[in-house]
Amino acid sequence: MLIVTLVLGVAAGLYPALYLSSFKPVAVLKKLRSGKSWFDLRKALVVFQFGLSVVLIAGVLVIQRQIDFIQSAKLGFDQDQVIVIRNAGGLPNRGEAARDALAQIPGVKNVAECDGMIGGQNWTNNLRVKGSDNGQLVNFLSVGYDFIEAFGLELKEGRDFSPEFPADTNDAIILNETAVKQLGVPAPVLGRQIVWSEEEDTTYYAKVIGVVKDFHFTSLREEIKPFAFVITPSRTWLFALKMSGQNLRQTLAQIESTWASLVPDRPFDYYFLDESIDRLYRSEQNFRAIFSTMTLLSLIIACLGLFGLAAFTAEQRTKEIGIRKVLGASVSGLVGLLSQDFVKLVLIANLIACPVAWYAMKQWLQSFAYRIDMGWWIFALAGGIAVLIALLTVSMQAIKAALANPVAALRYE
């Protein structure tokens with residue numbers, strides 16, 4: 001960083017030093033040196049700086065809309081007001097009692113058992129329909145009887161697991177729509193036998209008892225994958241508690257107290273599911289913060305450059321401004337005269353930057369399976385913001401020059 005700082009400092013001072021040292025004293029005194037190349041370089045820098053700013057502004061707008069879309073997207077299950085107790089597995093003779101006691105707390109609507117979590121850890125198994133060679137890797141969770149209801153998963157057809165059907169613990173399976181499609185389960189889907197595993201001469205089957213509508217159990221960067229639920233009491237290691245949302249702090253205190261009385265040898269280790277889901281997009285949120293900071297810094301640098309150029313131009317045209325005022329030019333007319341050249345530069349920057357911004361943001365959005373559509377208004381807004389900032393920056397210097405006393409301007413030099 002020290003080396004980069006030194007190099008940038010030398011580079012920043014090198015051009016003006018070489019430029020000034022190239023002046024011939026006689027030419028300076030006779031004002032034969034117009035400084036055209038210096039002025040052209042300034043214009044190029046303004047176009048570059050504002051072009052970069054437009055790209056960054058458009059990027060911030062697209063990133064913000066995509067993250068808002070992700071956070072407001074319907075995931076297909078209810079993640080709100082759900083806490084997950086991590087260390088609920090391996091509780092001989094206490095697991096059922098703890099589950100029932102937690103379910104009796106007034107603020108708790110459902111207690112679901114599971115061996116993983118939607119939006120978190122789950123398992124995979126290679127499944128196929130009986131009589132078919134179309135094997136597919138399917139994500140799955142082992143859950144309790146109340147899991148589907150607790151998470152608001154919508155049954156498209158069939159039924160949920162139920163203690164009224166003892167066979168559910170051995171050979172029942174619930175698939176999502178994508179699993180039905182990718183496995184090629186023929187209609188009618190209910191009652192079809194799915195090959196769960198094979199050991200030497202023994203094949204284990206699971207009967208389809210229900211189909212749930214698709215839901216997002218991973219980041220929206222990925223398309224919905226096949227998913228299945230089975231009920232295996234011995235594999236439930238987590239408790240997921242769906243709460244009513246009223247008196248949340250009091251309900252949490254009651255849950256912790258109940259847990260401490262029934263499972264005193266284990267701490268009350270829990271997390272909120274919506275916070276866990278939110279962590280899936282932490283990198284995007286960090287990227288948005290960094291990108292926004294870069295955009296702000298870019299705009300400040302561009303405005304400083306434009307302010308300097310406006311001051312330089314106003315100084316060069318001091319006599320012209322004075323003559324125009326004497327001849328009756330208005331302040332607004334002079335401001336427009338001094339501003340129009342800079343607005344042209346920013347418009348040129350917009351023409352160059354908008355296609356670049358569109359391509360860059362299109363490439364970034366390709367990493368999401370579910371994404372927003374980039375409307376033309378995003379780039380028009382980015383360009384408009386850049387033009388407005390440029391006008392405000394230039395107008396400050398232009399108004400100052402236009403309000404100056406014309407007598408002092410005509411006596412200049």
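The values are calculated or read from the model by the stated rules, or taken from the named source; none is laboratory data. Everything numeric in this text was worked out from a predicted model, so none of it was measured. Counting neighbours? That spans all protein chains shown, and the Cβs are built from the backbone with ideal geometry, glycine included.
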Quiz prompt | Tally of residues being under 19 Å from Thr169 (Cα atoms) and in contact (Cβ under 8 Å) with a residue 40 or more places away in the chain across the range 92-116 | solution = 8
Practice problem: Looking only at the range 126-182, count how many residues are more than 18 Å from Ile224 (Cα to Cα), under 32 Å from the mean Cα position of the chain (by Cα) and of a type in the set (Gly, Ala, Ser). | Solution: 2
Quiz item: Has the range 287-310 got any residue that is over 18 Å from the mean Cα position of the chain (by Cα), in the same structural domain as Leu392 (by TED's automatic domain parsing) and among the β-branched types (Val, Ile, Thr)?
Solution: yes
Self-check item: Top-ranked residue of the range 180-205 - restricted to ones that are touching an Asp or Glu at 6+ places or on another chain (Cβ under 9 Å) and closer than 16 Å to Phe140 by Cβ, ranked as surrounded by the most Cβ atoms within 10 Å (Cβ to Cβ)
Solution: Trp196
Practice problem: From (1) acidic (Asp, Glu); (2) within 22 Å of Trp123 (Cβ to Cβ); (3) part of a loop (DSSP other than H, G, I, E, B), pick out the condition that doesn't hold for Glu198. | Solution: (3)
Exercise. Out of Val111, Val62, report the one residue that is of a type in the set (A, V, I, L, M, F, W, C), in contact with a Leu (Cβ under 9 Å, 6 or more places away or on another chain) and within 30 Å of Gly383 (Cα to Cα).
Key: Val62
Quiz item: Taking the range 50-69 as the search range and keeping residues that are of a type in the set (A, V, I, L, M) and in contact with a Ser or Thr (Cβ under 7 Å, 6 or more places away or on another chain), which one is farthest from Leu297 (Cα to Cα)?
Solution: Val60
Practice problem: Starting from the range 162-186, keep only residues that are in a loop (DSSP other than H, G, I, E, B), then list their pairs with residues that are among the aromatic types (Phe, Trp, Tyr) whose Cβ atoms are within a distance under 8 Å, requiring at least 6 positions of separation or different chains. | Solution: Ser162/Tyr145; Pro163/Tyr145
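Can you go through Leu296, Leu280 and tell me which one is farther than 30 Å from Glu96 by Cα, without any contact (Cβ under 8 Å) to a residue 40 or more places away in the chain and among the aliphatic types (A, V, I, L, M)?
Every option except Leu296 fails the conditions.
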Practice problem: Go through the residues of the range 157-166 one by one and say whether even a single one is buried (at least 19 other Cβ atoms within 10 Å of the Cβ) and modelled with pLDDT under 90. | Solution: no
Quiz item: From the list Ala112, Ala88, Ala103, which one is surrounded by fewer than 20 Cβ atoms within 10 Å (Cβ to Cβ), hydrophobic (A, V, I, L, M, F, W, C) and at pLDDT below 90?
Solution: Ala103
Exercise. Taking the options Leu153, Leu141, name whichever one is out of contact with any helix residue (DSSP H, G or I) (no Cβ under 7 Å at 6 or more places or on another chain), modelled with pLDDT of 90 or more, within 20 Å of Val108 (Cα to Cα) and not charged (D, E, K, R).
Key: Leu153
Exercise. State all residues of the range 142-161 that are of a type outside the set (D, E, K, R) and part of a strand (DSSP E or B); if no residue qualifies, say none.
Key: Ser142, Val143, Leu155, Gly158
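A quick yes/no check of all residues on (1) assigned to a helix (DSSP H, G or I); (2) among the small types (Gly, Ala, Ser); (3) surrounded by 10 or more Cβ atoms within 10 Å (Cβ to Cβ); (4) modelled with pLDDT of 80 or more:
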residue	(1), (2), (3), (4)
Ile3	yes, no, no, yes
Gly9	yes, yes, yes, yes
Ala17	yes, yes, yes, no
Ala27	yes, yes, yes, no
Leu32	no, no, no, no
Ser37	yes, yes, no, no
Arg42	yes, no, yes, no
Gly51	yes, yes, yes, yes
Val55	yes, no, yes, yes
Exercise. May I ask you to verify whether Thr251 is assigned to a helix (DSSP H, G or I), more than 30 Å from Asn126 (Cβ to Cβ) and free of Cβ contacts under 8 Å to residues at least 60 places away in the same chain?
Key: no
Exercise. Name the residue, out of Asn125, Asn139, Asn134, that is in contact (Cβ under 8 Å) with a residue 40 or more places away in the chain and outside any strand (DSSP E or B).
Key: Asn134
Exercise. Could you give me the residue pairs with C-beta distances under 6 Å whose first residue belongs to the range 331-356 and is closer than 15 Å to Leu388 by Cβ and assigned by TED's automatic domain parsing to the domain that holds Ala311, whose second residue is among the aromatic types (Phe, Trp, Tyr) and modelled with pLDDT of 85 or more wherever it lies, and which are 6+ apart or on separate chains?
Key: Val346/Phe50; Ala349/Phe50
